[in-house]
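Peer 1: Sharing a structure, written as structure tokens. Questions coming.
The values are calculated or read from the model by the stated rules, or taken from the named source; none is laboratory data. What you see is a predicted model; the values in this text were computed from it and never measured. We place every Cβ from the backbone using ideal geometry, glycine too, and count neighbours over all the protein chains shown. Note: accessible area is taken over every heavy atom of the protein model, side chains too, but ligands, DNA and RNA are not part of it. Shrake-Rupley method; radii C 1.70, N 1.55, O 1.52, S 1.80 Å.
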Amino acid sequence: MRVDAAAAKLRRRRVVPLEPAAVATLSRAKVRGAALPIPRSTRIKQQRTLRRALAWRAWPQDVLRHSAATYLLGLHRDAGRVAMSLANSVDVLMKHYYEVVTPEETAEFWVPPTFFQKTC
């Protein structure tokens with residue numbers, strides 16, 4: 001996947017490999033006719049619904065980016081590789097995301113959601 005400079009944290013274009021679970025989820029979404037990328041208004045509505053279901057008072061800033069860093073580092077165990085994908089430094093990754101989740105939690109995270117399998 002290409003991240004254009006305008007959307008990138010450091011305003012530099014980069015190419016990020018997608019994990020198989022992400023490719024599977026996006027493929028299933030496309031088959032179901034999902035509009036990709038998700039329109040901003042739809043994303044906000046879905047975040048609000050999820051926030052309420054999780055009983056969060058607010059949507060945490062960069063929660064998806066932090067989750068990605070945590071689980072990519074858990075999956076690959078290679079801070080350099082993850083740092084390049086996220087345009088981050090190895091030091092930041094090791095300080096904030098190293099061994100935050102167990103290997104079992106990491107493995108469970110990378111399995112595509114079963115609700116896609118049932119509806120496609």
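Peer 1: Sort out which residues of region 45-92 are under 24 Å from E104 (Cβ atoms), over 15 Å from the mean Cα position of the chain (by Cα) and not in a helix (DSSP H, G or I), and write them in order of number.
Peer 2: If the condition is that a residue be under 24 Å from E104 (Cβ atoms), over 15 Å from the mean Cα position of the chain (by Cα) and not in a helix (DSSP H, G or I), then L54, R77, D78 are the ones that fit.
Peer 1: Residues of region 68-80 being surrounded by 15 or more Cβ atoms within 10 Å (Cβ to Cβ) and either more than 11 Å from V92 (Cα to Cα) or in contact with a strand residue (DSSP E or B) (Cβ under 7 Å, 6 or more places away or on another chain) (or both), which ones?
Peer 2: Selection gives A68, T70, Y71, L72, L73, G74, L75.
Peer 1: Taking the conditions exactly as written (at pLDDT 80 or above and within 15 Å of the chain's Cα centre (by Cα)), does L18 satisfy them or not? Working first, answer last.
Peer 2: Values: at pLDDT 80 or above: yes; within 15 Å of the chain's Cα centre (by Cα): yes.
Criteria met by L18.
Peer 1: Are any residues in region 73-102 in contact with a Leu (Cβ under 7 Å, 6 or more places away or on another chain) and hydrophobic (A, V, I, L, M, F, W, C), and if so, which ones?
Peer 2: Looking only at region 73-102, we keep the residues that are in contact with a Leu (Cβ under 7 Å, 6 or more places away or on another chain), and these are 73, 79, 82-83, 85, 87, 93, 97-98.
Within region 73-102, L73, A79, V82, A83, A87, L93 qualify.
Peer 1: Here is a follow-up. State all residues of region 81-100 that are open to solvent by 30 Å² or more (accessible area, probe 1.4 Å) and either in contact with a strand residue (DSSP E or B) (Cβ under 8 Å, 6 or more places away or on another chain) or of a type in the set (A, V, I, L, M) (or both); if no residue qualifies, say none.
Peer 2: Matches in region 81-100: M84, V90, V92, M94, V100.
Peer 1: Any residue in region 21-40 that is closer than 21 Å to W110 by Cα sitting within a Cβ distance under 6 Å of a residue that is part of a helix (DSSP H, G or I)? List the pairs, counting only those 6 or more apart or interchain.
Peer 2: Going by the 6 Å Cβ cut-off, the qualifying pairs are R28/F116.
Peer 1: For A55, work out the one condition from (1) surrounded by 10 or more Cβ atoms within 10 Å (Cβ to Cβ); (2) more than 23 Å from R13 (Cα to Cα); (3) modelled with pLDDT of 90 or more it doesn't fulfil.
Peer 2: Against the list (1) surrounded by 10 or more Cβ atoms within 10 Å (Cβ to Cβ); (2) more than 23 Å from R13 (Cα to Cα); (3) modelled with pLDDT of 90 or more, A55 comes up short only on (1).
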